[in-house]
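To start, the structure itself, in structure tokens.
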Amino acid sequence: MSDPKTDEDDGFLPPQRRADLAGHGDVEQRLRQMLTEGALSHGWIIAGSKGAGKATLAYRVARGLLDPSALKTPDSFDIDEEARVFRLVAGEAHPDLFVAQRAWDEKKSRYQTEISVEIIRNLTQFLNKTASDGGYRIAIIDIADDMNRNAANALLKALEEPPEKTLLLLLAEAPGRLIATIRSRCRRIDLRPASDEEVIAFVKREAGLGDKDASLIAAHAGGRPGHALLLAESDGAEAITLANAFLAGARKGEDISRVASALTSKAGEARWAIFKEIITRAISDAARNAAAGEAVAKPLNGASVQGLIEAHAVLDGLLGRGEALNLDRGQLIRAVAYDLHAALAADAA
């Protein structure tokens, strides 16, 4: 149920083909012990922000349960990439694994907005069949937040009366959006942010970054290895540098031509979305920290709560209107810088 693009189009391995997991060793060790003891519940919600590693963890658990004999250590779900179960899961060809996702709409060339009830009905029918080798049948719902109401209700029967040797792994970015009856019938794992050191090692290994760029990306990834890898593959280090230069220059009313030029060039297309996210989050975080009496990171340190709130409103409004009206990007960047300076001028040193 994926789109027609090849995995290589994204520039990095998708979760079903990834052998390692950055961080979350404590969670994996606990689940591994439950598997060994035969105490693994039939329904789990794996919760975490986008890029936290939910799908990678789910596929690792699935492989380990589908073929426990392939597990390499007693405290993890490490499996050799040449193992049969690994190759079948990586190729989306394992007969005892079902992955429920939003369907690809061929006519509109995009994913549907929800996981439909038909997909979940197919899932429940799959769970009621006998496993090919007498073992487990496993379903991953990625992302469970995307189920519409009818799909969620269709899933309840599988959770209320689970067939023998079945496991449901519900990946959720906002578990509170799941209906209460689903939440009450599943155990929950919350993936904590990985450490900067773990993220640095991960992007250095996966994207071949040097220490400086890897550290810069880790500092902005929020403990999300997947997001860090996306930044690494999208010229994120340069986008972060540009965002920091823009905020410093805009606050002081300095010339931001270099930033505008770097974001309007051909290479700037890949940096633009990251740039917008970084400056928006930086101002939002600064306002929240200032309101709580906590330290505000440079270059926004010393700004007042009111100034930061006004700056956030300016940013949100200008970027939204600029995108909607398809304004010249260079002009939009200069307008944002001008208005941010006006909002923060009273706080500038």
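The values are calculated or read from the model by the stated rules, or taken from the named source; none is laboratory data. Every value quoted in this text rests on a predicted model; they were computed, and no experiment measured them. Cβ coordinates were reconstructed from backbone atoms using ideal geometry, including for glycine residues, and neighbour counts include every protein chain displayed.
Values for this structure:
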{"read-out": "Some residue of segment 218-228 being in contact with a Phe, Trp or Tyr (Cβ under 6 Å, 6 or more places away or on another chain), crowded, with 17+ Cβ neighbours inside 10 Å, assigned by TED's automatic domain parsing to the domain that holds Gln331 and on the phi < 0 side of the Ramachandran plot", "value": "no"}
{"read-out": "Only one of Arg251, Arg271, Arg258 that is closer than 22 Å to Ala214 by Cβ and of a type in the set (D, E, K, R)", "value": "Arg271"}
{"read-out": "Condition check for Glu238: in a loop (DSSP other than H, G, I, E, B) and among the charged types (D, E, K, R)", "value": "no"}
{"read-out": "Test result for Ala158, aliphatic (A, V, I, L, M), closer than 28 Å to Leu35 by Cα and under 26 Å from the mean Cα position of the chain (by Cα)", "value": "no"}
{"read-out": "Residue list for segment 171-217, filter: among the acidic types (Asp, Glu), within 22 Å of Leu242 (Cβ to Cβ) and touching a Phe, Trp or Tyr at 6+ places or on another chain (Cβ under 9 Å)", "value": "none"}
{"read-out": "Single match in Ala290, Ala303, Ala286, Ala337 (criterion: part of a helix (DSSP H, G or I), touching a helix residue (DSSP H, G or I) at 6+ places or on another chain (Cβ under 6 Å) and under 15 Å from Gly249 (Cβ atoms))", "value": "Ala337"}
{"read-out": "Yes/no for Thr280 being in contact with a His (Cβ under 8 Å, 6 or more places away or on another chain) and part of a helix (DSSP H, G or I)", "value": "yes"}
{"read-out": "Residue selected from segment 91-110 under the condition touching a residue at least 60 places away in the same chain (Cβ under 8 Å) and closer than 13 Å to Asp142 by Cα, by the criterion farthest from the chain's Cα centre (by Cα)", "value": "Ala103"}
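One line per residue, one yes/no per condition, for (1) more than 19 Å from Gly135 (Cα to Cα); (2) of a type in the set (Asp, Glu); (3) more than 23 Å from the chain's Cα centre (by Cα); (4) assigned by TED's automatic domain parsing to the domain that holds Leu171:
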{"position": "Gly23", "(1), (2), (3), (4)": "yes, no, no, yes"}
{"position": "Glu37", "(1), (2), (3), (4)": "no, yes, yes, yes"}
{"position": "Leu40", "(1), (2), (3), (4)": "no, no, yes, yes"}
{"position": "Ala58", "(1), (2), (3), (4)": "no, no, no, yes"}
{"position": "Leu65", "(1), (2), (3), (4)": "no, no, yes, yes"}
{"position": "Ala70", "(1), (2), (3), (4)": "no, no, yes, yes"}
{"position": "Asp80", "(1), (2), (3), (4)": "yes, yes, yes, yes"}
